[in-house]
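Worksheet: one structure, shown below.
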Amino acid sequence: MSTVSEPFDNFPGTYAWDVDERSFRAEIRDYLTQDPAPIFDRFDLKTSLAEMLAWHRRLAAAGFPLPNCPTEFGGRPRSVGMQLVQAEEMAAVGANFAVNIVGISMLTPLLMALGSAEQQARWLPPVAHGEELWCQLFSEPEAGSDLFGMRTTAIIDGADLRVTGQKIWSSTAEHADFGLMLARTEPGSTGRRGIGCFVVDMKSPGIDVRPIKQMGGSTEFAEVFFDDVTVPVANLIGTPGDGADAALKVLAAERSGLAMGSYAVFAAQFQELVRLCASRGTSGHRHALAKLWEALAVQRLNAIRQAGAETEEPTRVMALAAAGKLRGGTLSVMMQDLRAELLGMEIAAVDPSDQAAALVSERFVSSLGLSLGGGTHQMQRNAIAEGLLKMPRS
Ligand SMILES: Cc1cc2nc3c(=O)[nH]c(=O)nc-3n(C[C@H](O)[C@H](O)[C@H](O)COP(=O)(O)OP(=O)(O)OC[C@H]3O[C@@H](n4cnc5c(N)ncnc54)[C@H](O)[C@@H]3O)c2cc1C
């Protein structure tokens, strides 16, 4: 086993003094040295996702499965400190935490809270073992921030739901096996009432996935059209009509997952910025670097705080997740701005055959994504105002 020199020793936190967590870091780092994470290539998403899932399978088989999934479903419960260690170490070797984020960070906690025993047994083990890829089918063209303005319907017809409508911005939908979906199960209902949260098999007849080509050339999102798609009623999670409750649980879990995962990625990228600053930074850049360090340290504490918050009152859980997500989005832009200042035109002048340079450029272009995906900054501020500051709803 390797001797661990802590890359995050200077960050405030408690885990670093815990012997188990230190040895866990050494253990996972040893494994990652032997089986490095594949490089994520968003321009060849199909191959890349398959490689990442295969790597996830090996990781799980080697004893590093999902930290937030019970053992009987193929996971291994870990302390919050260990979850953070696993996220940090994976990010440090460039493993893309977002692969299967829907299965790992959203579906798993949702099924543990509201899923039936059959649903847990069917869908959790393949997620824990990296066998099935999931996507999230929440946003619609007129229902993004206003999620409960959704119009897609899932009408109960005997033992089936018949689903008709459209979703948009569904990440990796083109390659996903299953979708976690929201639609109106009660025709004519509005707002939070009459919504169902259910699982849809993405290979079902009547589903048309149309990838959206992004400014940078990749196609990570898709529009998904449903034309009288049949889904078993047994796929409904929680009480039919009460899907808003499930949706809010998913959003809180998504935002917490994004906060912890993005923190770990930024902490890894921070080391690169330190090196860049040392070789070409001015005193202004060094001040910006120190501010970043401070923001990252706070985000680390946020991640620890959130991961231990599940039992708190729901609006508070949502607000804490919102705070982490908000800071994650802010950090993303701060980091890429500093990198752009240090690199100047090098950040844009990309030789397409130079994968490392293309990655740096792509990070810059996509740095705003975290301030939108999982809910915009304004929506996070609304959640904080209501859930933590107890302001009236606007
Ligand atoms: C990287 C990324 C990945 C994504 N992945 C998925 C996915 O896998 N599945 C999925 O379903 N969706 C996904 N989305 C969609 C995402 O959830 C929505 O883009 C987001 O919720 C905003 O919705 P919208 O784009 O419709 O913008 P709108 O809701 O139209 O918002 C437009 C602007 O108005 C502001 N605004 C709206 N309402 C309010 C309000 N009440 N108070 C203050 N300001 C307000 C917003 O903050 C924003 O600035 C993804 C988005 C991104 C960027």
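Nothing in this text is a laboratory measurement; each read-out follows from the coordinates by a stated rule. Bear in mind the structure is a predicted one, so any value in this text is a computation, not a measurement. All Cβ positions, glycine included, derive from the backbone under ideal geometry; neighbour counts span all protein chains shown.
Fraction of C-alpha pairs exceeding 26 angstrom in the stretch 244-387: 30 percent, rounded to a whole number. Distance distribution note for the stretch 291-345: the fraction of Cα pairs above 17 angstrom is 45%. Only lysine pairs 8 or more places apart, or on different chains, with alpha-carbon atoms under 25 angstrom apart are counted in the chain, and they number 12.
Applying 1/(1 + (r/R0)^6) with R0 = 22 Å to the Cβ-Cβ distance of Asp227 and Ser189, what FRET efficiency is obtained, to the nearest 0.05?
Working: r = 21 Å, r/R0 = 0.98.
The pair Asp227/Ser189 has a calculated efficiency of 0.55.
Let me check against my output: what whole-number percent is the relative contact order of the stretch 126-271, with C-alpha pairs under 8 Å and at least 6 apart? Let's see the in-between values first.
On the way: 300 pairs, mean separation 34.4, N = 146.
Value for the stretch 126-271: 24 percent.
Got the relative contact order for the stretch 297-394 handy, in percent, Cα pairs under 8 Å and 6 or more residues apart? Walk me through the numbers before you get to the answer.
Working: 77 pairs, mean separation 37.6, N = 98.
Relative CO of the stretch 297-394 lands at 38 percent.
Give, in nm to one decimal, the length gained when the segment between Thr219 and Tyr31 is fully stretched (0.36 nm per residue of separation minus the Cα-Cα distance).
On the way: separation 188, 0.36 × 188 = 67.68 nm, distance 3.19 nm.
64.5 nm is the gain from fully extending Thr219 to Tyr31.
In whole percents, the pair-distance distribution calculated for the stretch 41-143 from its alpha-carbon pairs, binned every 10 Å from zero, is 14, 46, 30, 9, 0.
Pairs of alpha-carbon atoms within less than 8 angstrom and 6+ residues apart define the contacts here; what relative contact order does the chain have, in percent?
Working: 655 pairs, mean separation 53.1, N = 394.
Taking the mean separation of contacting Cα pairs over the length of the chain, I get 13 percent.
Under the combined filter of DSSP loop state and at most 13 neighbouring Cβ atoms within 10 Å, the stretch 139-221 retains none of its chymotrypsin sites (Phe, Trp or Tyr not before Pro). Over the Cα atoms of the stretch 213-325, the radius of gyration divided by the Kirkwood radius equals 1.14; this is the Rg/Rh ratio. Could you tell me how many degrees, from 0 to 90 and to the nearest 10, lie between the Cα long axis of helix 355-365 and the main elongation axis, the longest principal axis, of the Cα atoms of the chain? Long axis of 355-365 versus the principal axis of the chain: about 60 degrees.
Restricting the GluC sites (Glu not before Pro) of the stretch 90-151 to loop positions (DSSP other than H, G, I, E, B) with no more than 12 neighbouring Cβ atoms within 10 Å leaves Glu142. The DSSP beta bridges internal to the chain are antiparallel in roughly 80% of cases. In the P(r) worked out for the chain, what percent of Cα pairs fall beyond 30 Å? Of all Cα-Cα distances in the chain, 40 percent exceed 30 Å. The distance from the alpha carbon centre of the stretch 169-215 to that of the stretch 30-100 is 26 Å, rounded to a whole number.
Start at zero, step by 10 Å, and the Cα-Cα distances of the stretch 183-253 spread as 18, 36, 35, 10, 0 percent across the bins.
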